[in-house]
Each structure stands twice: as structure tokens, then as C-alpha cells.
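Notes to accompany the following structure.
Here, each number is a calculation from the coordinates, and none is a lab measurement. All of these numbers come straight from a predicted model, not from anything done at the bench. Note that each Cβ is placed from the backbone with ideal geometry, even for glycine, and that neighbours are counted across all protein chains shown.
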Amino acid sequence: MKKTTVDLRESPEERRQRAQRIFRKLKRAYPDARCELNFSNPLELIIAAILSAQSTDRRVNMVTPALFSKYRTAADWAQVPQEKLEKEIKSTGFFRNKARAIRTLTRELVEKYGGRVPEDFEALVALPGVGRKTANLVMVSAFGKPGIIVDTHCSRVAQRLAFTRNTDPEKIEQDLGALIPRKDWGRFSHCMVFHGRYCCKARRPECDRCPVADDCPSRTA
């Protein structure tokens with residue numbers, strides 16, 4: 001087993017340089033890194049994000065085409081009966097809580113924002129059922145604005161790369177934001193998610209084919 005030679009006593013500036021070097025490598029490795037949930041507008045993305053909790057993007061993408069053709073506005077979602085929506089999203093898991101969350105969220109969108117998804121981050125995180133991860137996802141993928149999307153993949157990769165010692169997603173978000181220019185936050189976090197999903201996996205990271213192995217302190221092969 002080959003261990004890395006990355007010096008964990010690196011200064012903050014050295015860590016920033018390493019992070020940006022890793023980012024360049026990840027961009028080359030994952031040129032198409034993006035949100036893998038299918039959507040055509042901010043409302044569809046926020047609904048898909050709710051459905052993706054404890055599920056997979058692939059499963060959600062199997063369910064949403066029929067839903068998005070049937071429910072086109074926030075008012076449509078808010079008015080669908082709880083039991084009916086539960087049946088339609090059952091295959092995504094935790095369907096009762098998700099149906100309740102979707103109906104509560106869309107009612108607030110109708111009441112406060114005329115059915116539109118706000119483009120302001122603080123307004124997004126104030127919506128029921130919307131945490132920082134979803135808010136950042138919407139900011140980046142629907143509105144093209146800066147944001148760092150800390151899901152389980154991004155969190156795992158950030159810890160293995162020694163970009164953070166934190167486990168709290170908001171603190172990880174802050175740590176990553178200090179390493180990468182703000183204009184690149186969205187692309188960076190998509191690359192981190194792709195790397196965690198397709199190479200730096202939870203149980204068996206594929207270090208032998210990792211594009212950033214030379215800069216990874218957790219490298220084992």
C-alpha cells in the first residue's frame with residue numbers, strides 16, 4: 001500500500017494552492033460535472049431536491065417527468081391532496097414526509113412570492129424544508145450564482161483531502177469557500193460531488209485511478 005507524501009502541516013496558503021491544483025485536476029477529470037437531477041426551472045429543481053433525500057438522483061429522475069407534466073406551478077403542487085401525492089412519489093421513499101414538505105413549501109411560495117422561487121439565498125433557506133444544501137444547489141444550478149453544495153459526497157471528499165476537520169455541513173461549506181475563489185464555488189462543488197460519487201466512494205475509494213491521488217493525504221494505493 002503506497003502512502004501519500006502530502007504534508008499535513010501545510011500553511012493556509014499552501015492548502016489553498018493545493019485545493020486549487022486539485023480543482024484544476026478535477027475539472028479535467030469531470031468536464032461535465034453538474035446537478036444530475038433533471039429539471040427545467042427552479043421550481044422543478046427544488047421539488048426534485050426534496051424528493052432526492054434518502055433516495056438517488058436516478059430514482060427521482062424516473063418519477064419526476066410525469067409529475068412535472070402534471071404539476072406545472074407552485075399552486076398546482078400546493079393544491080394536490082396529501083394522499084394522492086404520497087402515492088405518486090412513494091418509490092422515492094419517506095413519501096409521507098416528502099409530500100407534506102412539498103405541499104408546505106409550495107403553499108409558502110404561493111403566499112409570499114407569487115408562486116416563484118426566490119433568487120435570494122437567505123430567502124431560500126427560510127423556506128420550509130429547504131436547508132443550505134438545497135438552497136446552494138438552487139442558487140448554482142437554477143440561477144447560475146455562487147454556492148457550495150455540501151452533500152455527503154462533497155463532505156467525504158473534503159475530509160479525505162484534509163480541506164476541513166469539521167463534520168458540520170455549514171462549517172465545511174465555510175472551509176471550502178476559503179480555499180476556492182467565489183466565482184468557482186459552483187463548479188468546484190459539482191466536481192467534488194462527482195469525484196465522491198464516481199471515484200472517492202464511501203466504502204472503497206478507488207485510489208489507484210484517482211486523478212488527485214498525488215495531492216491527497218488519505219491516499220492508500
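If R0 is taken as 22 Å, the Cβ-Cβ distance between GLU83 and THR104 corresponds to a FRET efficiency of 0.90.
Would you mind calculating the gained length between ASP32 and GLU10 on full extension (0.36 nm times residue separation, minus the Cα-Cα distance), in nm to one decimal?
That works out to 4.8 nm of additional length.
Please arrange SER52, SER91 by how many other C-beta atoms lie within 10 Å of their C-beta, fewest to most.
Working: SER52 23, SER91 13.
With the sparsest Cβ surroundings first, the list reads SER91, SER52.
For n ≥ 4 DSSP H runs only, could you compute -39500 (n - 2.57) per run for the chain, divide by its residues and tell me the 222 nm figure to the nearest 500? Don't jump to the answer; show the numbers that get you there.
Details: 11 runs with 122 residues, N = 221.
It lands at -17000 deg cm²/dmol.
Size descriptors for the range 42-141 (Cα atoms only): Rg and Dmax, in that order, 12.3, 33 Å. What does a probe at ARG72 reach in the range 39-65, counting residues whose amide N is under 19 Å from the point 7 Å along Cα→Cβ? So the set is 39-48, 64-65. When the Cα positions of LEU127, GLY147, LEU105 are compared along the charge dipole of the chain, GLY147 comes out farthest toward the positive end, with charges on each C-beta of Lys, Arg, Asp and Glu.
FRET efficiency for the pair ASN61 and LYS171, taken as 1/(1 + (r/R0)^6) with r the Cβ-Cβ distance and R0 = 35 Å, rounds to 0.70.
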